[in-house]
Amino acid sequence: MSLIRYATRIHFAERVLEDALPEEVKARGVLAPLVVVDADTGPALARVLDCLPVACRPRVLDLAGLPTCAAMGEAVARALQGPDAEEGGGATPCDAVIGVGGAPAVSLAQQLAGDERAPARGSRRSAREPMPILTVPTLPGCLGLGPQPWPARERRGGASALRVPDVVFCDPSLVRPADPARLAASGMDALVHCLEAFLANVWNPPADGMAYDGLRRASLWLERLVADPADADAGREMLAAALNGALAAQKGLGAIHAIAHALETMAVRPDSHGELHAALVGPVLAFNAPAVPERLAIAAQALQVSGEGRGEACGLVDHLAALGARLGLPGSLAHLGLTATGIDRIAAAAARAPANRDNPRYANAADYRRMIEEAS
């Protein structure tokens, strides 16, 4: 039986950022936060800075344009130490991280604040306390909860420590990206979080309930939000689906995420998470179907899928493939131009990934190679 643990403070309401962020920052004695932003941050940055207490002296680090996960991780690691010597070294190091935006900003804030650092001068935080992590997601995908959705930054002594955020601000008014394609990818990511968590081979009934509800909400609202990003109801409901998926994913994920993370590390740009899921879901569900037929039937019900005599796995595959096509997501990995050697490396990495441990059916590198080839 698995450990079931839900301890994060989550604020969920329209305009909750202005209501809750100042108090949460004051309660933790934060004086020098590092605000990490990315290409999906948009107007959320101005709102975060406007509502920080006057005593705070925030620094902003923009990850947009950095080409790799490693480059992003090292940029945040340097920024946490304070300005470089040529910029007036000796300044106070950061005493909190606020991730504002999509997967790069939110996930790296979660990961890199796992290092303990000195508190800012005048802060009420002791030297032994971990640095607070606050996340402000602007897409209905990565919220910083659940298994690490971003390749871990390697450091001396092993991978960076991983912590869930102390506070997550789910503000539907921030889910207004200018690019519907990014919104489609993030929404599909939220849906797949729910699907893989529901199918994962771990005992966690609360997570199953949240995953089912997230699938139901995504089936009703994802296309509507992509069609009209200004639809406030759709933004709220998809953020709720993402929250369900993020909490449920603490149970575990599966082979779709194992492959996607390996691809992001080795073959594609680091902000592509979610774009790959429509291509991967067919081969992965077909592989997993013999292990979880009853679960697939329940997931199909949540997504309002009719198998039409072909079985729930086929019905789900057809339904999700059609959904991905309507959202404009790639239906295969062919555009990546993967070589045989590249596929072997990605398959081996997927087999080692933490998400593979929770996949409902055991998969080795050869199994992953076949799934990737079928998706290509």
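The values are calculated or read from the model by the stated rules, or taken from the named source; none is laboratory data. Everything quoted here is computed from the prediction, not taken from an experiment. Ideal geometry is used to build each Cβ from the backbone, glycine not excepted, and the neighbour counts take in all protein chains shown. Quick note on the areas: whole protein, heavy atoms, side chains included, nothing else; ligands and nucleic acids left out. Shrake-Rupley method; radii C 1.70, N 1.55, O 1.52, S 1.80 Å.
Points to keep in mind about this one:
- Some residue of segment 347-367 being in a helix (DSSP H, G or I), among the aliphatic types (A, V, I, L, M) and open to solvent by 70 Å² or more (accessible area, probe 1.4 Å): no
- Test result for Cys142, modelled with pLDDT of 75 or more, closer than 30 Å to Arg224 by Cα and open to solvent by less than 50 Å² (accessible area, probe 1.4 Å): yes
- Among the residues of segment 21-41, those that are open to solvent by less than 50 Å² (accessible area, probe 1.4 Å) and either in contact with a Leu (Cβ under 8 Å, 6 or more places away or on another chain) or within 18 Å of Gly144 (Cα to Cα) (or both) comprise Leu21, Pro22, Glu24, Val25, Pro33, Leu34, Val35, Val36, Val37, Asp38, Asp40, Thr41.
- Of all residues in segment 63-88 being at positive phi and open to solvent by 20 Å² or more (accessible area, probe 1.4 Å), the one that is modelled with the lowest pLDDT: Gly88
- Wholly within segment 172-271, helices (runs of 4 or more DSSP H) carrying at least 1 residues that are of a type in the set (Lys, Arg): 180-199, 205-227, 232-248
- Where a residue in segment 42-62 is at positive phi and its partner, wherever it lies, is of a type in the set (Lys, Arg) and open to solvent by 30 Å² or more (accessible area, probe 1.4 Å), with Cβ under 9 Å and at least six apart: Gly42/Arg176
- The single condition among (1) open to solvent by 20 Å² or more (accessible area, probe 1.4 Å); (2) at pLDDT below 95 that Leu220 does not meet is (2).
- Matching option when the condition is under 23 Å from Cys142 (Cα atoms) and either modelled with pLDDT under 90 or aromatic (Phe, Trp, Tyr) (or both), among Ala39, Ala91, Ala44: Ala39
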